[in-house]
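Written below as structure tokens is the structure these notes are about.
Read-outs throughout are calculated quantities, based only on the coordinates presented, and are distinct from any laboratory measurement. This one's a predicted model, so the numbers in the text were calculated from it and none came from an experiment. Cβ placement follows ideal geometry from the backbone for every residue including glycine, while neighbour counts extend to all protein chains displayed.
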Amino acid sequence: MKRTKIKDILLGEKANDTVVAKGWVRTKRGSKNVYFIALNDGSTIHNLQVVADVNNFDESLLREINTGAALSITGRLTESAGSGQNIELIAAQIELLGAADPEQYPIQPKKHSLEFLRENAHLRFRTNTFSAIFRIRHAMAFAIHKYFNGKGFNYLHTPIITASDAEGAGQMFRVSTLDPKNPPLTETGEIDYSQDFFGKPTNLTVSGQLEGELGAMALGEIYTFGPTFRAENSNTARHLAEFWMIEPEMAFYDLKDNMDLAEEFLKSLIQYALENCMDDLQFLASRLQQEEKDKPADQRSMDLIEKLKFVLENDFIRITYTEAIEILKNSTPYKKKKFQFPVEWGIDLQSEHERYLVEKHFKCPVILINYPKEIKAFYMKQNDDGKTVGAMDVLFPQIGEIIGGSQREENLEKLETRMREMNIPVEEMWWYLDTRRFGSVVHSGFGLGFERFILFVTGMGNIRDVIPFARTPKNAEF
Ligand code: 4AD
Ligand code: MG
């Protein structure tokens with residue numbers, strides 16, 4: 001007989017149907033005569049309750065029914081008398097697919113710390129929390145493609161290995177096939193990269209934007225969605241060395257169009273989550289409540305589902321960087337010297353400043369625009385004031401910056417001048433500058449950090465918990 005997924009069994013809920021369910025044992029409770037087995041196959045957060053009459057099965061088989069073991073169970077569905085489920089499976093046949101020694105299996109049916117589960121990331125998918133997170137992560141990846149496809153954007157696969165440093169300042173991972181112990185040297189004693197695989201120094205990309213712009217200048221609207229690498233030594237709950245970024249790039253869009261798209265895009269993803277991931281969201285919402293029940297009321301976060309609905313239903317606040325600095329300078333934490341980092345026109349905002357604006361001042365997502373040109377990348381549109389550029393950061397509660405983007409400088413001369421000022425190798429970037437030489441138009445784009453967004457949707461606090469296998473300084477296990 002063909003296997004039925006547990007999600008379909010629970011949705012179908014037809015008493016007297018005979019089905020085959022396969023999955024992993026979450027828990028087993030039992031009495032002398034009957035076992036209750038909670039079986040999960042990953043198709044849903046809910047378990048299928050299996051009832052096994054002890055007298056019908058070999059003792060040697062029953063001994064193997066432990067948390068973590070994989071079973072195939074054939075039986076008849078009946079309406080459940082117990083609370084918590086409408087239907088249960090009366091086992092007629094049980095086949096042990098894979099045993100799990102209870103002395104050794106790390107994921108016991110009790111509460112484990114997130115740290116412990118990070119060390120057991122290969123098995124943490126088998127917990128309710130992580131299966132919910134990764135089903136939501138999948139749903140959000142799908143919703144991203146659905147959104148852009150619906151708007152006529154083209155998914156463009158930009159390279160992962162690159163010879164340019166898109167952001168102008170990023171720390172990059174080198175890609176090389178030279179022998180690190182004995183690299184070829186030039187006459188002046190430098191490493192001779194002309195003998196390297198690509199004949200020049202190459203790195204893992206920090207952004208697909210520059211190539212994305214090339215696509216947008218012909219296809220009109222493109223987006224990338226791929227892995228991105230940054231070798232900064234930031235050991236925080238918001239940084240990964242390998243993360244996934246979504247970068248739309250649109251011809252004929254100015255900064256306002258860019259903001260409108262970013263807001264509509266984020267809201268469409270949240271709406272998709274509310275429409276398609278409710279079981280998992282409800283589980284994560286109650287998990288969060290459990291976590292925070294000992295905190296004083298004013299330190300508890302808003303209910304997860306309420307929070308998502310709130311973002312969906314309210315306009316994002318849009319202000320300039322200059323206005324944000326004014327607000328921060330008039331704030332209580334600034335006056336009481338509670339901020340760790342200085343607040344001054346010209347400084348890069350720190351996460352404490354971003355979170356003050358979003359969580360305390362506006363209590364709403366904020367889009368900050370027109371940053372000082374000194375703290376932003378070379379390609380951003382130079383404003384008429386000579387001091388600021390058409391940058392746009394979207395700030396979210398609990399996260400801080402979730403999106404970074406801008407209108408792009410489309411004027412060749414202005415762009416080249418800025419590149420020279422910032423020591424960007426103009427000659428090497430001939431291919432990028434060609435878009436400004438031939439048919440240059442106003443265009444804009446942004447980058448959404450996928451994991452930062454998943455943090456927000458799941459209510460998790462550490463970015464290591466929303467990517468299957470995190471890459472962070474001194475950590476590349478699994
Ligand atoms: O602000 P960033 O550096 O912007 C760019 O890379 C532009 N090229 C995007 C564009 O305009 N096409 O990065 C964009 C977003 C950030 O807002 C943040 O959400 C995320 O990427 N991000 C990270 N996420 C996890 N770990 C890191 N180390 C991250 N660095 C940036
Ligand atoms: Mg940024």
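Once you put a point 7 Å from the Cα of Thr236 and another 7 Å from the Cα of Phe198, both along the Cβ direction, what distance in nm separates them?
Rounded to a tenth, the inter-label distance reads 2.8 nm.
Which order do Tyr147, Tyr105 fall in if you start with the one that has the fewest other Cβ atoms within 10 Å?
Ordered by Cβ neighbours within 10 Å, fewest first: Tyr105, Tyr147.
Rounded to the nearest 500, what is the chain's calculated 222 nm mean residue ellipticity when only DSSP H runs of at least 4 contribute -39500 (n - 2.57) each, over all residues?
Result for the chain, helices only: -9000 deg cm²/dmol.
Return an integer: the convex hull volume of the alpha-carbon atoms of the range 6-108, in Å³ per residue.
98
Run down the aspartates and glutamates and flag those whose C-alpha is under 20 Å from the C-alpha of Lys2, throwing out any fewer than 8 positions away in its chain.
Glu13, Asp17, Asp41, Glu88, Glu95
Which one of Tyr147, Ser268, Gly346 is farthest out on the positive end of the charge dipole of the chain, using unit charges on Cβ (Lys, Arg +1; Asp, Glu -1) and the Cα centre as origin?
The listed residue farthest towards the positive side: Ser268.
Between Gln195, Gly215, Thr205, whose Cα lies farthest towards the positive end of the dipole of the range 184-226 when Lys and Arg beta carbons carry +1 and Asp and Glu beta carbons carry -1, centred on the Cα centre?
About the Cα centre, the residue reaching furthest to the positive side is Gly215.
State the antiparallel share, in %, of DSSP beta bridges confined to the chain, rounding to the nearest 5.
Of all bridge pairs located within the chain, approximately 85 percent are antiparallel.
Toward the positive end of the charge dipole of the chain, about the Cα centre and with charges on Cβ (Lys, Arg +1; Asp, Glu -1), which of Asn66, Thr472, Thr332 goes farthest?
The one lying farthest along the dipole's positive direction is Asn66.
Assign unit charges at the C-beta atoms only (+1 for Lys and Arg, -1 for Asp and Glu), then state the dipole size of the range 6-108 relative to its Cα centre in Debye, rounded to the nearest 20.
Dipole of the range 6-108, to the nearest 20 debye: 180 debye.
How high is the FRET efficiency from Glu187 to Arg63, r the C-beta distance, R0 56 Å, rounded to 0.05?
With R0 = 56 Å, the Cβ-Cβ based efficiency is 0.15.
Quick one: Kirkwood hydrodynamic radius for the range 290-332, alpha-carbon pairs, angstrom, one decimal?
Roughly 13.4 Å, rounded to one decimal.
For q values of 0.09, 0.12 Å⁻¹, compute log₁₀ I(q)/I(0) with the Debye formula on a Cα-only model of the chain, without solvent.
-0.74, -1.11
Put a dot 7 Å past each Cα toward the Cβ at Glu103 and Lys14; how far apart are the dots in nm?
4.6
For the range 72-155, run through the GluC sites (Glu not before Pro) and keep only the ones in DSSP coil with at most 14 other Cβ atoms within 10 Å of their Cβ.
Glu103
If you place +1 on the Cβ of every Lys and Arg, -1 on the Cβ of every Asp and Glu, and leave all else neutral, what size is the dipole of the chain about its Cα centre, to the nearest 20 Debye?
Dipole about the Cα centre, nearest 20: 1560 debye.
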